[in-house]
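Taking it in order: structure first as structure tokens, then the write-up.
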Amino acid sequence: MRNGQIIIGYENSHFIDFVIDSKYRWIRHVLLIAAIIGIHFLPNNAPAEVDEKMKVWNLLVKCISIIILLALFYINHYVLIPVFMLRSKFLAYGGTLFAFYTIIFLSMLILESQELRFIKKPDQSLLDGKDFVILIILFTIFIAAVSSVKLFKIWIINLIRFKEFENNTLLSQLEQLKSQINPHYLFNTLNNINFLIYENPKLASKVLLKLSDILRNQLYLSKGDTIELAKEIEVLQNIIFLEEIRRDKFSVNFEVDLSVEEINIPPFLFIPFIENVVKHGAHQAMHGGLHVQINFNVVNEQLCFSCVNAKKKKVSVKEYGGLGLSNIRKRLDIIYANRYNLAIDDGEDVFKVFLSIPIEGSYEYRAVKH
């Protein structure tokens, strides 16, 4: 259960480990039995019995009381809680306990009728309704105490299972989204190469070789939980290089702060942005002759990415982003929750994307993964 404790954030709790781990079960039961026996044999101020028969009877009463409490514990622990309480049959649970209390009290009355008093009252009077109420209260306190431990154990185990299921679900979604991103990029690039095959077969061959390098990097780098940003940037630059080969005029300003290159990020987080630049924004230049402006830097412990490019005036955000940007937003929600900022500015002829993620986010990604 140690991995389960890590999942719910109690990896250093020896108490939780003791309560839920099956290897400590026998110790828990031994401690319970010892506690019940110890309570019955605690020293008291009552006068010592002189009659040997009464001494034997008193010892027998204590043994019977121990057996009753242990029987109540195990019946409640392994039968009543699983059958009634965990199925929300609270009335049946309470009624069954009341039936047990009644049977125990009736047994005491039968013993008392045979002049074998199970409980000696100070005034030597017989058992009555008040004693039955006191018996119910005492047994209920005992049952509530031992049941709370059982229910706490069940709650912790269910919480661990829920967290494991939640993490497995997130992992499954991440893997699906990553697998969607790679084919999406391949589709866009092959679509571009299709035009080059007829116009310039030699150039198409060079582009295919470069594409082979990109896909090789994707194949190996996508297997890890995180990659260095420098490797991601290398892939982005290769994609830009393919576009530069295909076009006579394609001006890109790619600025990277050297301090960001060793930062770890989820694999291929920025590729869909560059894919869409190539698909929609590389056909015309902005003011100043630039087609694309890309920037990576660090501001206030945040990795900041910005991409500005010209676009066709009739292209909407939905059409421009397509499947790639939709998947990126889903991945960001899973990995960073509400700790990222993705802003898209759809101008009349310029499309701007700004993304900031926490630098320590890569650690969160590894925590989800494991």
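The values are calculated or read from the model by the stated rules, or taken from the named source; none is laboratory data. The structure displayed is predicted, hence computed values, not measured ones. Ideal geometry is used to build each Cβ from the backbone, glycine not excepted, and the neighbour counts take in all protein chains shown. Calculation scope for accessible area: heavy atoms of the full protein, side chains included, ligands and nucleic acids excluded. Shrake-Rupley method; radii C 1.70, N 1.55, O 1.52, S 1.80 Å.
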Starting at the first residue of segment 297-303, write each ³J(HN,Hα) from the Karplus equation 6.51 cos²θ - 1.76 cosθ + 1.60 with θ = phi - 60°, in whole Hz, x for Gly and Pro.
-> 7, 10, 9, 6, 6, 10, 7
Where Arg28, Arg339 fall by accessible area, highest first, once all protein chains stay in place (1.4 Å) | Arg339, Arg28
In whole Hz, what ³J(HN,Hα) sequence does segment 34-39 give by Karplus (6.51, -1.76, 1.60; θ = phi - 60°), x for Gly and Pro?
-> 5, 5, 5, 5, x, 4
What figure in square angstrom, to the nearest 10, would you give for the accessible area of His29 with a 1.4 Å probe?
-> 40 Å²
Which far-off residues, 5 or more places away or on another chain, put their amide H under 5 Å from the one on Val350, with H placed in the peptide plane?
-> Lys311
Taking amide H positions as placed in the peptide plane 1.01 Å from N, state which residues far from Met286 in sequence (5 or more) or on other chains have amide H under 5 Å from it.
-> His291, Ala310
Amide H contacts under 5 Å for Ile227, placed H, 5+ residues apart = Ile265
Highest average packing first - 347-355, 82-90, Cβ atoms within 10 Å | 347-355, 82-90
